[in-house]
Every structure is written in structure tokens, then in C-alpha cells.
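The values are calculated or read from the model by the stated rules, or taken from the named source; none is laboratory data. The shown structure was predicted, so the numbers you read here are calculated from the model rather than taken from an experiment. Glycine also receives a Cβ, built like all others from the backbone with ideal geometry; neighbour counts cover every protein chain displayed. Heads up: the accessible areas ignore ligands, DNA and RNA and are worked out on the full protein's heavy atoms, side chains in. Shrake-Rupley method; radii C 1.70, N 1.55, O 1.52, S 1.80 Å.
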Amino acid sequence: MKEFILAPSLFSSKISRLKDTLRILKETDIRWLHVDVMDGCFVPDMASGPSIVKELKELDDTLLDVHLMVEQPEKIVPAFLAAGADAITYHAEATNNGMHIIQMIKEQEKKVGVAINPATPVSLIAPILSEVDLVLVMTINPG
């Protein structure tokens, strides 16, 4: 039987309460945390960055699943890897360099995921499904 992993998003947690949020999640046996990253271009809002990931890593050893809702994610993947991301999910619609992103992440022995928006056909990611560790199918448009 496949293992299912619940990865709550830290998007709604106030920065000033990160320690409390992490403590509460630890008490519920959460093993993955989802960190939403938005650039104000691919999505209208802005949120998180490598410094937040680095701070989270310093506070806790829970697996950090970083969801890049950004244009040209290949440009910032190295910064999130250096900050301590354990898994990085990029949007297929945001790049023409999906295999390059996958290779960058796998070279660092981290997990890699691909996300698609609700209107994006699964056929767009069919060629890379065997290369990724997770697929995130958005139920709403990001942002």
C-alpha cells in the first residue's frame, strides 16, 4: 500500500509565530512542511524566500517541501537548495527547462516534484512522470 504524506502549508502562519506553529505540528506527528514561494509574477502575491527556508531548517528538522510558484524557477532552485530545502516542486507551466530543474535537484539528492494548474492537461507532464518524486495537481489557480 502506498504511503500518503500530509504536508501542511506554512503560508497562513505568521512569521512571528513560526516556533509555535512548528511545535504544534510536531505534536501532531507531521513529518513534512509545505512552504509556498510566490514571486508576484507567476502569481499575483509574494511570499517566502530562501531566508525563511533557512530559518525553518535552523528551528526544526522536519522535511521542507518548497513549492515554487515563480517564473523561471530554474534561476532560484540553487538558492533554495543551499537554504536547506529537502524537496522542491516547480510548476510545469513556469518553465521550458523542466528536465534541467529535475537534474539540479536530484544532483543534490533531494526530492523533486512538478505541479500543474487546474486547466493544464496531465499530458504536459507525462514525459517526466518517471523522473519526479511527487506530483502536485492544483485544485485552484495558484496565488
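A compact table of results
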{"item": "Antiparallel DSSP beta bridges within the chain, percent to nearest 5", "result": "10 percent"}
{"item": "Principal semi-axes in Å for the stretch 9-49 [√(5λ), Cα gyration tensor, largest first]", "result": "24, 11, 6"}
{"item": "Among 100, 34, 91: highest mean-square fluctuation, GNM of the chain, C-alpha pairs under 10 Å", "result": "100"}
{"item": "Global geometry of the stretch 19-78, whether rounded, prolate or oblate, following the gyration tensor of its Cα atoms and the 1.5 cut on a/c", "result": "prolate"}
{"item": "Dimensionless Rg over Rh [the stretch 84-125; C-alpha; Kirkwood]", "result": "0.99"}
{"item": "Sulfur and carbon atoms: percent of accessible area, the chain [1.4 Å]", "result": "54 percent"}
{"item": "Estimated [θ] at 222 nm from DSSP helical runs (n ≥ 4, -39500 (n - 2.57)) normalised by residues in the chain, nearest 500", "result": "-7500 deg cm²/dmol"}
{"item": "Convex hull per residue volume in Å³, alpha carbons only, for the chain", "result": "119 Å³"}
{"item": "Cross-link reach list, lysines versus residue 14, counting only Cα pairs under 18 Å and skipping chain neighbours closer than eight places", "result": "26, 54, 57"}
{"item": "In degrees, nearest ten, helix 98-107 long axis to first principal axis of the chain (Cα)", "result": "40 degrees"}
{"item": "Förster radius 35 Å - calculated FRET efficiency between residue 122 and residue 28 (Cβ-Cβ, nearest 0.05)", "result": "0.65"}
